[in-house]
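J.: Below are the structure tokens for one structure; questions will follow.
The values are calculated or read from the model by the stated rules, or taken from the named source; none is laboratory data. Just so it is clear, the structure is predicted and the values come from calculations on it, not from any experiment. Please note: Cβ atoms are built from the backbone with ideal geometry, for glycine as well, and neighbour counts cover all protein chains shown.
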Amino acid sequence: MPSIAVLGTGAMGAPMARNLARAGHDVRAWNRTFEKAEALRDDGVDVREDPAAAADGADVVMTMLADAEAVLEVAEQADLRSGQIWWQASTIGIEGNERCAELAAQTGVALVDAPVLGTRQPAEDGKLVVLASGPDDALDACAQLFDAVAARTMRLGEEGKGTRLKLAVNSWVLAVTEGAAETIALAEALGLDPQLVLDAVEGGGLDLPYLRMKAKLMMDREFPPSFALTLAAKDARLVVEAAERHGADLAAARAIAARMTEGADAGHGDEDMAATYLLSRPR
């Protein structure tokens, strides 16, 4: 079974490391804030104090970090080497992925571009979806690792397709969240119980589990972070950048990116992305 170093043990990386260890893999881990990684020792994870120590001798090195700058900085510190596989699982956009490919070429590692779909709870349950792209032999080598963290793996072909599909799916996730926020806010402004909206679409084509989950947070005005608004805003900006680079005119995506960035800047960045509702609610 392949050994793996997990670099970044936040809301996603920590449960992924646990599930990898529970599946019987030799797992090492590192996190910038060391204390956040220490609890993983109870799950059989070897927690190390710097990225290079974690990556040394590992068959696969996984990065699960906030953005492209963090990924590249940590990957360089990890001293990746020829013969290793770099599983890049973070959402970093097209330019970020290209910069990772350049670093991989310089170091001789095989880059597997495989971000995941899902938030904290699916990560804890091992129910993520892996969007795997890269060399066939590297994907084969990672198959057991993917199985340990995911309910399903999509093999997409050449490296880079994982990132592109993640951006396309994120565009939909962000649109549903912002649409829910404005729908709930409008119902309240019109003097309606917003639950009536959910009752009206129940059982039809517009009735989405994700809509109901985010709407509940909005109606309860409680936003425990499943996926933080600051990260959602970053992902929204990556969607806009990708669209502009490839000639698509996504007016809604631009508005969502601006709105979620506004919400993060207003002090809601550490709350769930559903907190975007707080900007729209009637005063």
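J.: Determine if segment 216-226 includes at least one residue that is modelled with pLDDT under 95 and of a type in the set (Gly, Ala, Ser).
T.: Checking segment 216-226: at least one residue is modelled with pLDDT under 95 and of a type in the set (Gly, Ala, Ser).
J.: Here are some conditions: (1) within 16 Å of Gly96 (Cα to Cα); (2) in the same structural domain as Asp272 (by TED's automatic domain parsing). Gly134 meets all but one. Which one does it not meet?
T.: Just one mismatch for Gly134, condition (2).
J.: I've got another one for you. Can you work out which of the residues in segment 198-223 that are more than 24 Å from the chain's Cα centre (by Cα) and aliphatic (A, V, I, L, M) is nearest to Gly269 (Cα to Cα)?
T.: Met219
Results for (1) among the basic types (Lys, Arg); (2) modelled with pLDDT under 95, shown as yes or no for each residue.
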| residue | (1), (2) |
| --- | --- |
| Ile4 | no, no |
| Ala11 | no, yes |
| Arg28 | yes, no |
| Asn31 | no, no |
| Asp46 | no, no |
| Ala52 | no, no |
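J.: Okay, moving on. From the set of residues in segment 140-162 that are among the acidic types (Asp, Glu) and outside any helix (DSSP H, G or I), which is surrounded by the fewest Cβ atoms within 10 Å (Cβ to Cβ)?
T.: Among residues in segment 140-162 that are among the acidic types (Asp, Glu) and outside any helix (DSSP H, G or I), the one surrounded by the fewest Cβ atoms within 10 Å (Cβ to Cβ) is Glu158.
J.: Tell me, which residue of segment 89-107 that is in contact with a Ser or Thr (Cβ under 8 Å, 6 or more places away or on another chain) and among the aliphatic types (A, V, I, L, M) is surrounded by the fewest Cβ atoms within 10 Å (Cβ to Cβ)?
T.: Across segment 89-107, the extreme among qualifying residues is Ile94.
J.: What are the residues in segment 221-259 that are of a type outside the set (A, V, I, L, M, F, W, C) and assigned to a loop (DSSP other than H, G, I, E, B), if any?
T.: If the condition is that a residue be of a type outside the set (A, V, I, L, M, F, W, C) and assigned to a loop (DSSP other than H, G, I, E, B), then Arg221, Glu222, Pro224, Pro225, Ser226, His246, Gly247, Asp249 are the ones that fit.
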